[in-house]
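Accompanying notes for the structure given below.
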Amino acid sequence: MRIVNHLGDTFETGCEMVDVTSMHRPDTSWRFTDPAGHIHQWYEVAKLDTDNTLPALRYSPREKYTTPTLIWVKDGEEYWDGDDEPHDVGHHECKDCHVHIEPRYCADEYQQFMPGLRWCKINGEDVPVEEFERRFREAQAHAKHK
């Protein structure tokens, strides 16, 4: 939270931190070699290059992950309790040799947070970001002219 006082007005801004702790996220330490010698592991999508040379070294809730050496194969559909819609079920397999492979997932080891919604207040009252920025600039400009 940031608080600034200008000419009798109190400007506060901040954001709520959102708990993004996961019980099911890619285990970036997982590395598996199938019987045909193909290596499978997690990759960060943003860092994936054409040679697949940049595996994920750590986990961040801000990144997206993929297993580019695997394909998902639909085996059928299931209906869940209380839901009238079918849900696809299937498995992962090596895209070259078609061996079934389950990429490993894990839970976060510690609580994770990401910035959420930004909020702004003037004299303790909530205001839209645009109004906050406009009035803050006006207060700064007025203070410079004094």
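The values are calculated or read from the model by the stated rules, or taken from the named source; none is laboratory data. All figures in this text were calculated on a predicted structure; none of them were measured in a lab. Every residue, glycine among them, receives a Cβ derived from its backbone with ideal geometry; neighbour counts consider all protein chains shown.
A few points about this structure:
- Checked against (1) exposed (fewer than 14 other Cβ atoms within 10 Å of the Cβ); (2) touching a strand residue (DSSP E or B) at 6+ places or on another chain (Cβ under 6 Å); (3) part of a loop (DSSP other than H, G, I, E, B), Gly90 meets all criteria but (3).
- Residue within segment 95-112 that is hydroxyl-bearing (Ser, Thr, Tyr), surrounded by 13 or more Cβ atoms within 10 Å (Cβ to Cβ) and part of a loop (DSSP other than H, G, I, E, B) present: no
- Members of segment 54-107 that are among the hydroxyl-bearing types (Ser, Thr, Tyr) and over 23 Å from Ala36 (Cβ atoms): Tyr59, Ser60, Tyr65, Tyr79, Tyr105
- Inside segment 1-25, residues that are closer than 24 Å to Gln111 by Cβ, touching a Ser or Thr at 6+ places or on another chain (Cβ under 8 Å) and either aliphatic (A, V, I, L, M) or not assigned by TED's automatic domain parsing to the domain that holds Arg134 (or both) make up a count of 1.
- For segment 54-72, the criterion of a residue being in contact with an Asp or Glu (Cβ under 9 Å, 6 or more places away or on another chain), part of a loop (DSSP other than H, G, I, E, B) and closer than 23 Å to Arg2 by Cβ is satisfied by no position.
- Thr33 vs. criteria surrounded by 12 or more Cβ atoms within 10 Å (Cβ to Cβ), among the hydroxyl-bearing types (Ser, Thr, Tyr) and over 30 Å from Ile3 (Cα atoms): no
- Sub-7 Å Cβ pairs linking a first residue in segment 1-24 that is more than 22 Å from Gln112 (Cα to Cα) to a second residue that is loosely packed, with under 14 Cβ neighbours inside 10 Å and aliphatic (A, V, I, L, M), at least 6 apart or interchain, are His6/Ala143; Leu7/Ala143; Thr10/Ile3; Phe11/Val4; Glu12/Met1; Glu12/Ile3, ordered by first then second residue.
Conditions tested, residue by residue: (1) touching a Cys at 6+ places or on another chain (Cβ under 7 Å); (2) not assigned by TED's automatic domain parsing to the domain that holds Ile39.
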{"site": "Ile71", "(1), (2)": "no, no"}
{"site": "Tyr79", "(1), (2)": "no, no"}
{"site": "Gly82", "(1), (2)": "no, no"}
{"site": "Pro86", "(1), (2)": "no, no"}
{"site": "Glu102", "(1), (2)": "no, no"}
{"site": "Leu117", "(1), (2)": "yes, yes"}
{"site": "Arg134", "(1), (2)": "no, yes"}
{"site": "Gln140", "(1), (2)": "no, yes"}
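- Here Tyr79 meets the list (1) modelled with pLDDT under 95; (2) under 29 Å from Met23 (Cα atoms); (3) surrounded by 11 or more Cβ atoms within 10 Å (Cβ to Cβ); (4) not aliphatic (A, V, I, L, M) almost entirely, failing just condition (3).
- For segment 113-127, residues that are exposed (fewer than 15 other Cβ atoms within 10 Å of the Cβ), within 28 Å of the chain's Cα centre (by Cα) and under 12 Å from Glu12 (Cα atoms) total 2.
- Qualifying positions in segment 1-15 - modelled with pLDDT of 80 or more and surrounded by 11 or more Cβ atoms within 10 Å (Cβ to Cβ): Asp9, Thr10, Phe11, Glu12, Thr13, Gly14, Cys15
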